[in-house]
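First comes the structure, then the notes that go with it.
The values are calculated or read from the model by the stated rules, or taken from the named source; none is laboratory data. The structure displayed is predicted, hence computed values, not measured ones. Don't worry about glycine lacking a Cβ; one is built from the backbone with ideal geometry, like all the others, and counts go over all protein chains shown.
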Amino acid sequence: MQKKVLAIIPARSGSKGIKDKNIINLNGKPLIAYSIEAGLKSKYIDKVVVTTDGEEIAKVARAYGAEVPFMRPDYLASDTAKTIDAVMHCIEEMKRLGEEYDYIVLLQPTQPLRQSWHIDEAIELILEKDEEALVSVSKVKDHPILMRTIDSNGYAINLLEGSSTKRRQEFPDFYKVNGAIYINKINENLNNDTSLNDNKLVYVMDEKYDVDIDEMLDLQIAELAITAI
């Protein structure tokens, strides 16, 4: 493979649901370590960079083998800052340091069950299809045909058209963006207006690998899942 691939792990220091979430202990290792190790084990990734505003996160990231060649500015680490802005800043900083890449692979540290072979399969898929953008998805357990919104008068409004009086096996499959892997070609179509969640090509992951750490219950689920996969 001749393409140069940069893995970017975004890890700002502010977190509301869990204090110091990105470096909280998960089964004996900081949470971010799982994403760093998966990136480093990939057959195709040339460098793993953590973009962070936190000195402690940077210290932990370096200890597990990632590079932190610059600190993320505060304006890109606020509650309202978008991930794509941090990604574009990282690409520009690496270019300023003399390093240019063909693709970025975004690995969110809140998805610790994602494996290196998931990353490799996703990279192989986007290259095989000759596409510019890929996103990982998992099958949903709660089918949207059973979901409802509620109007101002208290009546249910179906999210999807059609009868929900079917056996579960008859429902069509639906998938959600799981946040584990985003891959984008670095060209004029990747910019600050890019919606990474709307990347078109999908890489399907088994739902058993989908645990997104947002609150303490998620952390407990991940601890159980790690021993089972």
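See the values below:
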{"item": "Filter result (outside any helix (DSSP H, G or I) and under 22 Å from Thr194 (Cα atoms)) within segment 121-143", "result": "Asp130, Glu131, Glu132, Ala133, Leu134, Val135, Ser136, Val137, Ser138"}
{"item": "For Gly179: the one exception among (1) touching a helix residue (DSSP H, G or I) at 6+ places or on another chain (Cβ under 8 Å); (2) under 16 Å from Ile104 (Cβ atoms)", "result": "(1)"}
{"item": "Which listed residue is touching a Phe, Trp or Tyr at 6+ places or on another chain (Cβ under 8 Å) and basic (Lys, Arg), from Lys4, Lys16", "result": "Lys4"}
{"item": "Tally of residues being farther than 14 Å from Ile104 by Cβ, buried (at least 19 other Cβ atoms within 10 Å of the Cβ) and under 17 Å from the mean Cα position of the chain (by Cα) across segment 40-60", "result": "1"}
{"item": "Complete set of residues in segment 114-143 that are among the basic types (Lys, Arg) and either surrounded by fewer than 17 Cβ atoms within 10 Å (Cβ to Cβ) or closer than 20 Å to Pro172 by Cα (or both)", "result": "Lys129, Lys139, Lys141"}
{"item": "Residue among Ala81, Ala86 that is modelled with pLDDT under 95, closer than 21 Å to Leu190 by Cβ and surrounded by 15 or more Cβ atoms within 10 Å (Cβ to Cβ)", "result": "Ala81"}
{"item": "Complete set of residues in segment 200-217 that are surrounded by 18 or more Cβ atoms within 10 Å (Cβ to Cβ) and among the charged types (D, E, K, R)", "result": "Asp210"}
{"item": "Hits in segment 144-163 - residues which are among the aliphatic types (A, V, I, L, M), surrounded by 10 or more Cβ atoms within 10 Å (Cβ to Cβ) and more than 18 Å from Lys176 (Cα to Cα)", "result": "Ala156"}
{"item": "Pair list, Cβ under 7 Å, 6 or more apart: segment 30-41 residue closer than 13 Å to Ile213 by Cβ, other residue of a type in the set (Gly, Ala, Ser)", "result": "Ile32/Ala11; Ile32/Ala61"}
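For (1) touching a helix residue (DSSP H, G or I) at 6+ places or on another chain (Cβ under 6 Å); (2) free of Cβ contacts under 8 Å to residues at least 60 places away in the same chain; (3) closer than 23 Å to Ile23 by Cα; (4) hydroxyl-bearing (Ser, Thr, Tyr), each residue gets a yes or a no:
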| residue | (1), (2), (3), (4) |
| --- | --- |
| Glu56 | no, yes, yes, no |
| Ala63 | no, yes, yes, no |
| Asp74 | no, yes, yes, no |
| Asp102 | no, no, no, no |
| Val105 | no, no, yes, no |
| Thr110 | no, no, yes, yes |
